[in-house]
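Some notes on the structure that comes next.
The values are calculated or read from the model by the stated rules, or taken from the named source; none is laboratory data. What you see is a predicted model, and the numbers here were worked out from it, not measured in a lab. When we count neighbours, we look across all protein chains shown, and the Cβ atoms used for this are built from the backbone with ideal geometry, even at glycine. The accessibility values were calculated without ligands, DNA or RNA, using every heavy atom of the protein model including side chains. Shrake-Rupley method; radii C 1.70, N 1.55, O 1.52, S 1.80 Å.
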Amino acid sequence: MRITKPHSRYEFLLKALFILTIAAYTFTTQAQAGGSGNYPKCFIGTYLVEEGSGTTSIWSLGARGVITITSSAQAALNFSNAQGAWIRTGKLRAQTTSLDFSFDGDGVLLNIAKVNADLQFTDKDCGEIEGGFTVYFYQPGVDPLDPDSVPENITTDSFTGQRVTVEQ
């Protein structure tokens, strides 16, 4: 019969410390990659937006930096929903970059639009937003994410908006 020595207290503490170190590193890495500091819960939500041009849009700021935009001008101007990313840039400020596609009457791709927006929440509850955006139009085949790419057209506008809430 073989008798094994019980693990010493020292070995147990070393193993426990190693496991805790790995767990702490994993959770810290995840937080740094997209923690609440970059994507505050207050900012997350859907907003009914009125653009300076008179166009109405719905902007949804999702968890971990996803943005989607639907515009009332899509049918008239033949472009898709926009999708992209956002990040906090100040106490009540954020920046977004989104992309959408424009088509001709036959459904052929005309261009890719990159929309960069700066937004500010006008109250501490993040119920209202305002800001401005710039739209850069790129020909098909031109990478809109390459900083050296030259757009074929640029336009700017302002906006205000309010959070969509559940009616109770």
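For the reader, a short list of remarks on this structure follows.
- Looking only at the stretch 124-145, residues that are outside any strand (DSSP E or B), touching a residue at least 24 places away in the same chain (Cβ under 8 Å) and over 19 Å from L77 (Cβ atoms) come to 6 in all.
- Residue, surrounded by the fewest Cβ atoms within 10 Å (Cβ to Cβ), within the stretch 134-168, restricted to residues that are farther than 24 Å from L119 by Cβ and of a type in the set (A, V, I, L, M): V150
- So G131, is it closer than 21 Å to S53 by Cα, open to solvent by less than 70 Å² (accessible area, probe 1.4 Å), at pLDDT 95 or above and in contact with a strand residue (DSSP E or B) (Cβ under 6 Å, 6 or more places away or on another chain): yes
- Selection within the stretch 73-103 - open to solvent by 80 Å² or more (accessible area, probe 1.4 Å) and either under 14 Å from the mean Cα position of the chain (by Cα) or among the small types (G, A, S) (or both): A75, A76, Q83, R88, R93, Q95
- Residue in the stretch 44-72 that is least open to solvent (accessible area, probe 1.4 Å), counting only those that are out of contact with any helix residue (DSSP H, G or I) (no Cβ under 7 Å at 6 or more places or on another chain) and on the phi > 0 side of the Ramachandran plot: G45
- Condition broken by V150, with the remaining ones in (1) part of a loop (DSSP other than H, G, I, E, B); (2) of a type outside the set (S, T, N, Q); (3) under 20 Å from A76 (Cα atoms) satisfied: (3)
- Residue in the stretch 144-156 that is touching a Phe, Trp or Tyr at 6+ places or on another chain (Cβ under 8 Å) and farther than 22 Å from S102 by Cβ present: no
- For the stretch 40-54, residues that are under 21 Å from K91 (Cα atoms) and among the polar types (S, T, N, Q) total 1.
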